[in-house]
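Structure record follows, encoded as structure tokens.
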Amino acid sequence: MACACPKCGGEMMSIVKSLSARIGPFSVKSFLPPELQRYESVEVRVCVACGYTELYWLK
Ligand SMILES: [Zn+2]
């Protein structure tokens with residue numbers, strides 16, 4: 001699923017991270033504000049050309 005960068009029209013690279021993942025003794029979720037802890041994962045889209053980044057919160 002490729003999509004174009006809104007800034008330069010370049011190719012966006014998509015990475016999905018689970019918020020249940022753990023960093024040492026902490027889960028990623030514990031670092032988030034309460035209004036974001038209801039989401040299960042976050043999709044990070046980075047333009048390979050200009051570095052423009054978008055975040056999508058996924059349930
Ligand atoms: Zn771009």
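Could you give the dipole magnitude of the chain about its Cα centre, charging the beta-carbon of Lys and Arg +1 and that of Asp and Glu -1, in debye to the nearest 20?
My answer is approximately 160 debye.
Answer rounded, prolate or oblate for the chain, using the Cα gyration tensor with square roots of eigenvalues a ≥ b ≥ c: rounded when a/c is under 1.5, else prolate when a/b is larger than b/c, else oblate.
prolate
Every read-out reported here was derived from the displayed coordinates using simple, explicitly stated rules and does not represent laboratory data. These numbers come from a predicted model, not from an experiment. With ideal geometry, Cβ positions are generated from the backbone for all residues, glycine too; neighbour counts draw on all protein chains shown.
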